[in-house]
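A.B. asks: Sharing a structure, written as structure tokens. Questions coming.
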Amino acid sequence: MLKYLKCLLFNIVILITSTICLAQDADSASFKKVDPAQGVFNNIVLNPAFTGIFYGHNLQSSSRLSDPFYNYRHYKHPFSLNVSYNMAFGKNINHAMGIFYDASQGGVYQRNSVAINYAYSKTLFMTKSFYHKLRIGASLVYHKLSYEKFNYYTFGDMIDPKYGFIYNTNEYNYYSADDTLKYIAGLNLGLWYHNPFGYFGVATNSLSLRDTSSKAFYVKPFSFNIAAGGHVYIGDNWALHPSINIQYVANDHSGLSTLSPAITASYQEKIYIGFSYTDFNKPSYLLGFTLKQKYTLLAKCGLYKMFSTDYLDLAYFEAQLNLKFK
């Protein structure tokens, strides 16, 4: 577990020290500011239309460690990391480009993705106090999947009553090291609408997939993402941000993979405290803060009951860091 906690800390240090490498765009200050609470549960990895939504230059990183106190022995500990950079440009700052790297592992697999994003923003209506904006985005994603230590997997028909666990070497191992490097190119499309009081986004991931492996048995599942939320302002200092994130995955076991309602409270857009019921089985708690309107650090942890007991255990820990430059 210490290994992955070090990864989280290293991730934060890299982002903080990278501030000297980014330029600034003074023109973006004249545009209506987007409520930063929209980025608490969303990023350009989930929806390419999110690219450039905060204008200027933005660097975001998120790390997640699942079951931090569980010993996975020979298997890879579930861990994910994504880093993204995006910037808005153009005469009206209505174009945006972005790139991201996403990596995850768990059990015997390891997955890596890199992508380039483009988004276009259209202002449908704007006054000094209100606006309607619509964003469309697309990203070209390159996936790689590999398996390791698959021989540690044991199934029911591999247990001999006399000798215990056995490995059947007569059958072809589809997960051998030479055959399991999968390279797949995919297309993600996204749509995002927002105004000062709410937002709604939809995205489709893993369109136009092509499996370049020799066996061609692996296909990254198609997924459909929905994100919606609002901003209820209470006086000049406080605001409530109800939201919900939904993901539907189409594969051999099609169905909802994420259904997470959440509520977050913010004070002067500097301090964030939130609660979400992740997948309706993990109560999760959020704490975050913003410094100098540039740095936003969020920490989130989820709990779940251990088996059929009343004891709670840490299901996951997640850290997110956003850097914004005008």
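A.B. asks: Set the bar at 22 Å for Cα to Cα. Now go through Lys91/Lys122; Lys76/Lys144; Lys270/Lys294; Lys76/Lys324; Lys91/Lys133 and name every pair that lies beyond it.
C.D. replies: Values: Lys91/Lys122 13 Å; Lys76/Lys144 17 Å; Lys270/Lys294 10 Å; Lys76/Lys324 33 Å; Lys91/Lys133 17 Å.
In this structure, Lys76/Lys324 lie more than 22 Å apart at Cα.
A.B. asks: Can you order the peptides 71-83, 90-102 by their average number of other Cβ atoms within 10 Å per residue, highest first? Write out the running numbers ahead of the final one.
C.D. replies: Values: 71-83: 15.6, 90-102: 17.2.
Listed from highest to lowest mean packing, they are 90-102, 71-83.
Read-outs throughout are calculated quantities, based only on the coordinates presented, and are distinct from any laboratory measurement. What you see is a predicted model; the values in this text were computed from it and never measured. Positions of Cβ are backbone-derived with ideal geometry, glycine not excepted, and every protein chain shown enters the neighbour counts.
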